[in-house]
Structure formats: C-alpha cells, structure tokens
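I have placed the structure first, in the form of structure tokens, so that the comments after it can refer back to it.
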Amino acid sequence: MQIEIKGDAEELVRACLVSGEFHSAEEAVATMARNWVMEHPARLGLVPELDPDTDIRALVAEQGVLPFDPSTPIPHFWPADESADEFLAFLRGVRRDSSEIRKRF
C-alpha cells in the first residue's frame, strides 16, 4: 500500500525521522496511527478490557451478540493488499501500546 503525504503531515513525518526514534517513514506513520487508535478507540469499535468478574453470557445476552457467520462479508477496515501477518503485527502493536498506556494510569 502506498499513501501520499503532503504538507504538515509530511513535515511531521520528516521531524519524526530526524529525531532518530524511527528507522523509516513507515514505522513513524504506523506509530502515529497506533497512537491515534489509542486516543480514539470508539471510532474503530475497539472494546475496553472487561473486568475479570464480568458475566460473559449476561453481557452477550444484553448486547444481542449473534454467533459468527463465515458467509458474512468481511469489513473493509484493512487494505486487501496487506498480508495477515501485517494485520497481526498491527494488532500486537495496538495491544502493546494500550498496555503501556494503562500502566501509566
């Protein structure tokens, strides 16, 4: 996947690279995206951690969750040209960042 970045966003990526904290523009953009996800989890439908005492069956009944249907079309939230490994790496990064943020508070 390629994304063209111009203007202020391009300058921000350049500043990240100059800082030496990132090895590539892709790494800088991925980190920014993970940070955005952590700040706006509701926009992506991410669910906060559940309390260990949560009754899952009651929660499922309350939310009206249905069993998974493999014939349901896959949502288009991940680019088709990205591999499953890249998707899993993204999820691991989001979870790692989420864990680090929770440790701070």
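Read-outs: derived from the displayed coordinates by stated rules, not from any lab. All values reported here derive from a predicted model rather than from experimental measurement. Counting neighbours? That spans all protein chains shown, and the Cβs are built from the backbone with ideal geometry, glycine included.
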Subject >> Theoretical gain in end-to-end length, Glu27 to Phe90 [0.36 nm per residue, Cα-Cα removed] >> reply: 21.6 nm
Original post:
Among Leu66, His23, Trp36, whose Cα lies farthest out toward the positive end of the dipole of segment 1-67, if unit charges sit on the beta carbon of Lys, Arg (+1) and Asp, Glu (-1)?
Top reply: Leu66
Original post:
How far apart, in nm, are the 7 Å Cα→Cβ label points at Gln2 and Asp97?
Top reply: 2.5
**OP:** Report the net charge of residues surrounding Val13, where surrounding means a beta-carbon distance below 15 angstrom and charges are Lys +1, Arg +1, Asp -1, Glu -1.
**Re:** -4
**OP:** Enumerate the residues in segment 1-42 having an amide nitrogen under 19 Å from the point lying 7 Å beyond the Cα of Ala80 toward its Cβ.
**Re:** 1-3
Original post:
Going by average Cβ neighbours within 10 Å, how do the peptides 89-96, 17-24 rank, with the highest at the top?
Top reply: 89-96, 17-24
Subject >> Dipole moment magnitude, nearest 20 debye, segment 1-67 about Cα centre, only Lys, Arg, Asp, Glu C-beta charged >> reply: 180
